[in-house]
């Protein structure tokens with residue numbers, strides 16, 4: 001689960017990770033008031049969306065007076081911000097963060113993330129802050145500092161020193177940096193983060209280090225033990241169809257093709273999307289109803305897919321294991337009755353109780369095309385949309 | 001022969017009295033698996049379909065000599081269940097549970113590095129040696145005894161592959177789902193090396209997906225150490241970057257973990273790549 005920069009910084013402050021003084025603002029007048037409270041200009045007006053690259057997209061601007069804050073806030077609130085991470089459709093800006101301007105001596109990079117291969121928390125740092133870190137890693141890998149932390153031991157003093165010295169920080173900034181990194185690690189572990197990224201981390205003219213930006217992603221699987229964090233979820237940043245699907249425990253992702261698909265199991269769902277593409281069509285979504293879905297969940301899944309105006313045909317691909325084919329077929333029939341089906345539907349079912357499942361569909365008077373296997377299903381679905 | 005499990009494996013089920021636990025225990029029993037004990041804290045002394053239930057794994061092992069455990073407990077208690085089994089001396093732990101926090105799993109992984117046991121999963125369908133032993137949730141009837149080893153990060157996608165193999169007349173030595181989480185116990189290389197050493201396994205199918213670099217590492221291992229033919233498949237070539245595709249581990253982060261990179265690694269390391277899932281059975285028939 002992602003959160004906004006202003007929320008991440010509020011959490012940082014609770015963990016004594018230094019951040020500039022700042023206030024969130026949801027209206028122009030709130031922005032002006034917030035700027036007035038910061039004790040001087042310039043201030044920075046920052047659009048709050050769940051995507052990186054905001055600066056380049058025009059979502060981060062400096063203001064030297066209350067009038068400038070008013071003008072910039074007016075421009076930004078409601079604008080569609082496009083960055084390399086939002087896709088061409090962009091995101092509508094609904095929230096701003098007004099922050100005190102800083103005298104920057106140097107921009108650095110610092111992040112903590114879970115390293116899958118070693119099952120450790122890895123600290124990544126670089127003297128090349130403010131840049132795309134993937135680009136730095138690709139072109140100049142020697143400029144990336146990596147330190148692995150054993151999750152049972154926690155971060156050690158020598159590791160803090162190693163990162164600080166490798167970043168070539170001035171002696172006067174070393175103590176502040178050690179404390180920042182140690183507190184950031186504490187924050188990461190205590191809140192089950194999967195990523196914490198500060199880009200840039202700045203060194204000021206008076207040798208202070210602070211987080212000028214903050215990107216935080218939490219492990220969704222761990223949210224059951226962080227009820228307080230759930231309040232930080234911003235549904236404005238999520239696709240409304242995906243939000244609806246999540247309330248039924250369906251794994252759904254909205255894509256831009258025209259073939260809707262319903263599959264049980266994440267791996268098979270991905271492979272089904274690939275098959276649709278291979279056949280010359282394009283998937284409109286990823287939809288995994290899970291291994292043990294109920295008829296009601298299947299019904300909701302089918303209804304969500306059918307409600308998507310870009311869907312011109314639907315491919316249903318079920319390999320019945322725990323989810324029995326008859327249960328699945330009942331869900332499809334119920335949803336079709338309630339919603340009405342106006343697009344071609346190709347069904348491929350295999351596995352537990354497949355004969356009963358096929359019979360239920362055959363008896364339903366629904367206009368369904370059945371496919372004998374995956375290759376057949378792919379051909380039929382491509383023919384339906386092309 | 002087979003790898004990791006056979007008809008002599010004695011299994012205990014952690015979470016045996018829950019919905020999923022009891023349902024799949026019955027399925028495993030019906031398949032012929034020797035399930036000797038169940039564990040549900042607080043329900044010690046009860047029986048489920050004649051199987052004795054214990055309060056702790058340690059007691060269950062002491063009383064029944066179980067050497068494998070099948071775990072169905074809910075995600076908040078998943079890591080604890082794995083460590084309990086490891087501490088009780090169980091040598092094979094199969095964790096079906098989906099949704100264990102990654103912070104718990106990294107700790108478990110460090111913990112297990114000091115024990116001599118194998119963890120399969122979590123978030124996996126389990127392991128089956130056809131016609132001998134099924135420790136997991138896969139539909140038993142699609143499997144057939146034979147000489148193809150199957151290893152996969154997925155559940156239903158594995159069933160699809162196995163079903164096609166069986167329909168082509170290709171039986172399986174052992175099929176293992178290693179799980180869809182970013183941090184898991186047994187990895188591709190562990191399984192590939194066991195298949196390579198198993199005389200009954202003549203060829204292998206490896207089913208990967210986007211996210212992480214396990215497939216790339218396995219491909220390099222195959223080039224260096226595996227002499228038997230390997231067919232590879234990768235799911236998720238059409239997946240958008242930055243989105244979690246159902247499995248916690250199936251995510252393209254920046255430029256890492258893409259399907260294209262994995263297929264390239266497969267091709268460069270002598271793995272037969274199947275680009276169309278609908279044909280994987282036929283491709284295996286041609287190669288094995």
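The values are calculated or read from the model by the stated rules, or taken from the named source; none is laboratory data. As the structure is a computational prediction, the values presented were derived from the model and not from experiment. Because the Cβ atoms are built from the backbone with ideal geometry, glycine has one as well, and the counts that use them run over all protein chains shown.
How many residues are surrounded by 14 or more Cβ atoms within 10 Å (Cβ to Cβ), over 21 Å from the mean Cα position of the chain (by Cα) and not in a loop (DSSP other than H, G, I, E, B) when one looks only at region A:124-142?
Matching residues across region A:124-142 total 4.
Out of the residues in region B:110-131 meeting the condition of being under 26 Å from residue B:35 (Cα atoms) and not in a loop (DSSP other than H, G, I, E, B), tell me which one is farthest from the other protein chains (Cβ to nearest Cβ).
B:129
Please determine, by comparing only the residues of region B:110-131 that are surrounded by fewer than 24 Cβ atoms within 10 Å (Cβ to Cβ) and touching a strand residue (DSSP E or B) at 6+ places or on another chain (Cβ under 7 Å), which one is farthest from residue B:195 (Cα to Cα).
B:112
Quick test for you: out of A:342, A:352, pick the one residue that is over 19 Å from residue A:250 (Cα atoms) and within 12 Å of chain B (Cβ to nearest Cβ).
The unique qualifying residue is A:352.
Go through B:134, B:107, B:144 for me and flag whichever is surrounded by fewer than 24 Cβ atoms within 10 Å (Cβ to Cβ), under 21 Å from residue B:201 (Cβ atoms) and either more than 14 Å from chain A (Cβ to nearest Cβ) or in contact (Cβ under 8 Å) with a residue 24 or more places away in the chain (or both). Walk me through it before giving the result.
Numbers: B:134 fails: surrounded by fewer than 24 Cβ atoms within 10 Å (Cβ to Cβ); B:107 fails: under 21 Å from residue B:201 (Cβ atoms).
Being surrounded by fewer than 24 Cβ atoms within 10 Å (Cβ to Cβ), under 21 Å from residue B:201 (Cβ atoms) and either more than 14 Å from chain A (Cβ to nearest Cβ) or in contact (Cβ under 8 Å) with a residue 24 or more places away in the chain (or both) holds for just one of B:134, B:107, B:144, which is B:144.
Considering only region B:73-90, state which residues are touching a strand residue (DSSP E or B) at 6+ places or on another chain (Cβ under 7 Å) and not in a helix (DSSP H, G or I).
Of all residues in region B:73-90, those touching a strand residue (DSSP E or B) at 6+ places or on another chain (Cβ under 7 Å) come to B:73, B:78, B:81-82, B:85-86, B:90.
If the condition is that a residue be touching a strand residue (DSSP E or B) at 6+ places or on another chain (Cβ under 7 Å) and not in a helix (DSSP H, G or I), then B:73, B:90 are the ones that fit.
Of (1) assigned to a strand (DSSP E or B); (2) more than 22 Å from residue B:89 (Cβ to Cβ), residue B:24 satisfies all except one. Which?
(1) is the only condition that residue B:24 fails.
Could you please find all residues in region B:225-263 being assigned to a helix (DSSP H, G or I) and farther than 18 Å from residue A:270 by Cβ?
If we filter region B:225-263 for residues that are assigned to a helix (DSSP H, G or I), which is where we start, we get B:225, B:259-263.
Hit for region B:225-263 is B:225, nothing else.
Which condition from (1) more than 10 Å from chain B (Cβ to nearest Cβ); (2) in a helix (DSSP H, G or I); (3) in contact with a helix residue (DSSP H, G or I) (Cβ under 9 Å, 6 or more places away or on another chain) is the one that residue A:176 breaks?
For residue A:176, the failing item is (3).
Can you confirm whether residue B:260 is within 27 Å of residue B:102 (Cα to Cα), in contact (Cβ under 8 Å) with a residue 12 or more places away in the chain, crowded, with 19+ Cβ neighbours inside 10 Å and more than 8 Å from every other protein chain (Cβ to nearest Cβ)?
The answer is no for residue B:260.
Counting only residues that are surrounded by 19 or more Cβ atoms within 10 Å (Cβ to Cβ), out of contact with any strand residue (DSSP E or B) (no Cβ under 8 Å at 6 or more places or on another chain) and free of Cβ contacts under 8 Å to residues at least 60 places away in the same chain, give me the helices (runs of 4 or more DSSP H) lying completely in region A:222-341 with at least 3 of them.
A:295-306, A:325-339
Got a sec? Which strands (runs of 3 or more DSSP E) wholly within region A:38-100 have at least 3 residues that are modelled with pLDDT of 95 or more and under 29 Å from residue A:218 (Cβ atoms)?
A:43-47, A:96-100
If you go through region A:17-37, how many residues are assigned to a loop (DSSP other than H, G, I, E, B) and over 23 Å from residue A:222 (Cα atoms)? Can you show your working first?
In the first step, residues of region A:17-37 are kept if they are assigned to a loop (DSSP other than H, G, I, E, B); the result is A:17-21, A:26-27.
Next, from what is left, pick out any that are over 23 Å from residue A:222 (Cα atoms): A:18-21, A:26-27.
The number of residues fulfilling the criteria is 6.
May I ask you to verify whether residue A:168 is farther than 24 Å from residue A:8 by Cα and either surrounded by fewer than 16 Cβ atoms within 10 Å (Cβ to Cβ) or in contact (Cβ under 8 Å) with a residue 12 or more places away in the chain (or both)?
In short, yes.
Here is a check on your reading of the model: is residue B:162 outside any strand (DSSP E or B) and either touching a helix residue (DSSP H, G or I) at 6+ places or on another chain (Cβ under 9 Å) or at pLDDT below 95 (or both)?
So residue B:162 fits the description; yes.
May I ask you to verify whether residue B:270 is free of Cβ contacts under 8 Å to residues at least 24 places away in the same chain and either in a loop (DSSP other than H, G, I, E, B) or more than 8 Å from every other protein chain (Cβ to nearest Cβ) (or both)? Reasoning before the result, please.
On the way: free of Cβ contacts under 8 Å to residues at least 24 places away in the same chain: no; either in a loop (DSSP other than H, G, I, E, B) or more than 8 Å from every other protein chain (Cβ to nearest Cβ) (or both): yes.
When the stated conditions are applied, residue B:270 does not pass them.
What tally of residues in region A:273-305 results from selecting those that are modelled with pLDDT of 90 or more and either within 14 Å of another protein chain (Cβ to nearest Cβ) or closer than 22 Å to residue B:154 by Cα (or both)?
Count: 18.
Take the residues of region A:56-85 that are out of contact with any strand residue (DSSP E or B) (no Cβ under 9 Å at 6 or more places or on another chain) and surrounded by 15 or more Cβ atoms within 10 Å (Cβ to Cβ): which is farthest from residue A:27 (Cα to Cα)? Reasoning before the result, please.
Initially, region A:56-85 is screened for residues out of contact with any strand residue (DSSP E or B) (no Cβ under 9 Å at 6 or more places or on another chain), giving A:56, A:65-67, A:74, A:84-85.
When the remaining residues are screened for being surrounded by 15 or more Cβ atoms within 10 Å (Cβ to Cβ), the result is A:66, A:85.
Working: A:66: 14, A:85: 25 Å.
Restricting to residues being out of contact with any strand residue (DSSP E or B) (no Cβ under 9 Å at 6 or more places or on another chain) and surrounded by 15 or more Cβ atoms within 10 Å (Cβ to Cβ), the top hit is A:85.
Can you name the residue in region A:207-221 that is more than 18 Å from residue A:100 (Cα to Cα) and touching a strand residue (DSSP E or B) at 6+ places or on another chain (Cβ under 7 Å) and is also surrounded by the fewest Cβ atoms within 10 Å (Cβ to Cβ) among such residues?
Among those that are more than 18 Å from residue A:100 (Cα to Cα) and touching a strand residue (DSSP E or B) at 6+ places or on another chain (Cβ under 7 Å), it is A:217.
It is to be established whether one or more residues within region B:83-91 are more than 10 Å from chain A (Cβ to nearest Cβ) and free of Cβ contacts under 8 Å to residues at least 12 places away in the same chain.
So in region B:83-91, the residues more than 10 Å from chain A (Cβ to nearest Cβ) come out as B:83-91.
Subsequent filtering for residues that are free of Cβ contacts under 8 Å to residues at least 12 places away in the same chain retains none.
No, because not a single residue in region B:83-91 is more than 10 Å from chain A (Cβ to nearest Cβ) and free of Cβ contacts under 8 Å to residues at least 12 places away in the same chain.
Listed here are the residues, each with its yes/no results for (1) in contact (Cβ under 8 Å) with a residue 60 or more places away in the chain; (2) farther than 24 Å from residue A:122 by Cβ; (3) at the interface with chain A (Cβ under 9 Å from one of its Cβ atoms); (4) surrounded by fewer than 20 Cβ atoms within 10 Å (Cβ to Cβ).
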{"position": "B:172", "(1), (2), (3), (4)": "no, yes, no, no"}
{"position": "B:180", "(1), (2), (3), (4)": "yes, no, yes, no"}
{"position": "B:185", "(1), (2), (3), (4)": "yes, no, no, no"}
{"position": "B:224", "(1), (2), (3), (4)": "no, yes, no, yes"}
{"position": "B:232", "(1), (2), (3), (4)": "no, yes, no, no"}
{"position": "B:240", "(1), (2), (3), (4)": "no, yes, yes, yes"}
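Just to be sure, is residue B:100 in contact (Cβ under 8 Å) with a residue 40 or more places away in the chain and either in contact with a strand residue (DSSP E or B) (Cβ under 8 Å, 6 or more places away or on another chain) or surrounded by fewer than 20 Cβ atoms within 10 Å (Cβ to Cβ) (or both)? If you could, list the steps in order and put the result at the bottom.
Values: in contact (Cβ under 8 Å) with a residue 40 or more places away in the chain: yes; either in contact with a strand residue (DSSP E or B) (Cβ under 8 Å, 6 or more places away or on another chain) or surrounded by fewer than 20 Cβ atoms within 10 Å (Cβ to Cβ) (or both): no.
No: the conditions fail for residue B:100.
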